[in-house]
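This report concerns only the one structure given below.
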Amino acid sequence: MKKIVVLAEARDGALRNVSFEAISAGKQISDGGEIVSVLVGGSVSSLGSELIAYGADKVVTVEDEKLKKYSSDGYAQAILAVIEAEDPDGMVFGHTALGKDLSPRIAGKLGSGLISDVTSIEEDAGEAVFVRPIYSGKAFEKKVVKDGLVFVTIRPNNIAPLEKESGRSGDVISMDVEIKDLRTIIKDVVRKTTDGVDLSEAKVIVAGGRGVKSEDGFEPLKELANLLGGAVGASRGACDAEYCDYSLQIGQTGKVVTPDLYIAAGISGAIQHMAGMSNSKVIVAINKDPEANIFKVADYGIVGDLFDVIPLLIEEFKKV
Ligand code: FAD
């Protein structure tokens, strides 16, 4: 049995889904051991009970004015203090902007290895086997930890959270950690997301490429995304052409996403774009060119003009 510390992430007073996925991953590693969720921020203790409901056995919160806005320095100090107190056998973080920033720093401080971007966990003779994509998602490798701490980051949207059990009991403990002077003070965070839906956690993404032709050309994509409760993404071609912001870029040098549904409109399917979306569960491609590369990874292909096809999709989805 292993004790696993999992990092919970909160944003705008709500827990991010990856927090529950990390608990589920922790359970798979712990072999029946204890799951301790860590929650760091300005005022976060009220969220503890939700983590218990999703399977954490204990929640440790670290609250401080200096932790109101994320900084690697401040969060690392808080999390290292919890790790020292809990003495876990392993840690699970989300492979999010925050997790990607913090995990190598913490692994380095602890002298631990790190298996990043895990998409599933298998079991082999009682041992956890971590599956992660390599070569931009063209192959998968399997890793086991033979010695020392098991430290992994999990890709959002890949490991299903456990069923919520509202009456579950567990302790929510507040820990005092003295946050030493931070070398960087974050004054303000200017966020660029589409209508509140985080691209890396979105279940539906409607992505546009150079075929969208202008900033205004993204409007029907936004309408479709809103209708489906999803987010808008883009190819680098569309970002380079200044049709949209780089925060929407999906691909090798953008975000890696695995939504349930990915609609690619006016995107040719360059290898660098596919590195960020080819593991989506269902891919629908809309392209004028029947030879477009994107059709090779698409589950459903629509050969046609996106400005004809998307309004038709909007019309049909409105009927549902
Ligand atoms: P294009 O290749 O120009 O394709 C536009 C498509 O739209 C065409 O297939 C066309 O048939 C179709 N089309 C045009 N009009 C319509 C219409 N009205 N209706 C329907 N279809 C239409 N790219 C990324 O996306 N993400 C990355 O992270 C990334 N990283 C990169 C890193 C490096 C080091 C390099 C060298 C490149 C990278 N690229 C990345 C760029 C990548 O190689 C491609 O240039 C880019 O993905 C092309 O974008 P696109 O498909 O929108 O444009």
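The values are calculated or read from the model by the stated rules, or taken from the named source; none is laboratory data. Worth saying up front: this structure is predicted, and the values here are computed from it rather than measured. Cβ atoms come from the backbone with ideal geometry, glycine included; neighbour counts cover every protein chain shown. Each accessible area value is taken on the protein alone, full model and side chains, heavy atoms only, with ligands, DNA and RNA left out. Shrake-Rupley method; radii C 1.70, N 1.55, O 1.52, S 1.80 Å.
Annotation: Ser247 fulfils all but one of (1) in a helix (DSSP H, G or I); (2) in contact (Cβ under 8 Å) with a residue 40 or more places away in the chain; (3) open to solvent by less than 30 Å² (accessible area, probe 1.4 Å); (4) under 19 Å from Asp308 (Cα atoms); the unmet one is (4).
Residue by residue, here is whether (1) at pLDDT 95 or above; (2) assigned to a strand (DSSP E or B); (3) buried (at least 16 other Cβ atoms within 10 Å of the Cβ) holds:
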{"position": "Glu84", "(1), (2), (3)": "yes, no, no"}
{"position": "Pro88", "(1), (2), (3)": "yes, no, yes"}
{"position": "Phe93", "(1), (2), (3)": "yes, yes, yes"}
{"position": "Gly99", "(1), (2), (3)": "yes, no, yes"}
{"position": "Leu102", "(1), (2), (3)": "yes, no, yes"}
{"position": "Arg105", "(1), (2), (3)": "yes, no, no"}
{"position": "Lys142", "(1), (2), (3)": "yes, yes, no"}
{"position": "Lys146", "(1), (2), (3)": "no, no, no"}
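Restricting attention to the stretch 260-304, the residues that are assigned to a loop (DSSP other than H, G, I, E, B), within 11 Å of the ligand (Cβ to nearest atom) and closer than 18 Å to Tyr135 by Cβ add up to 5. Here Lys164 fits the description: in a loop (DSSP other than H, G, I, E, B), modelled with pLDDT of 95 or more and either more than 16 Å from the ligand (Cβ to nearest atom) or surrounded by fewer than 16 Cβ atoms within 10 Å (Cβ to Cβ) (or both). Restrict the check to the stretch 56-73 and report whether at least one residue is in contact with a strand residue (DSSP E or B) (Cβ under 9 Å, 6 or more places away or on another chain), at pLDDT 95 or above, open to solvent by 10 Å² or more (accessible area, probe 1.4 Å) and small (Gly, Ala, Ser). Looking for residues that are in contact with a strand residue (DSSP E or B) (Cβ under 9 Å, 6 or more places away or on another chain), at pLDDT 95 or above, open to solvent by 10 Å² or more (accessible area, probe 1.4 Å) and small (Gly, Ala, Ser), one finds none in the stretch 56-73, hence no. Count of the stretch 206-232 residues, restricted to those that are more than 9 Å from the ligand (Cβ to nearest atom), touching a residue at least 24 places away in the same chain (Cβ under 8 Å) and not in a loop (DSSP other than H, G, I, E, B), is 12.
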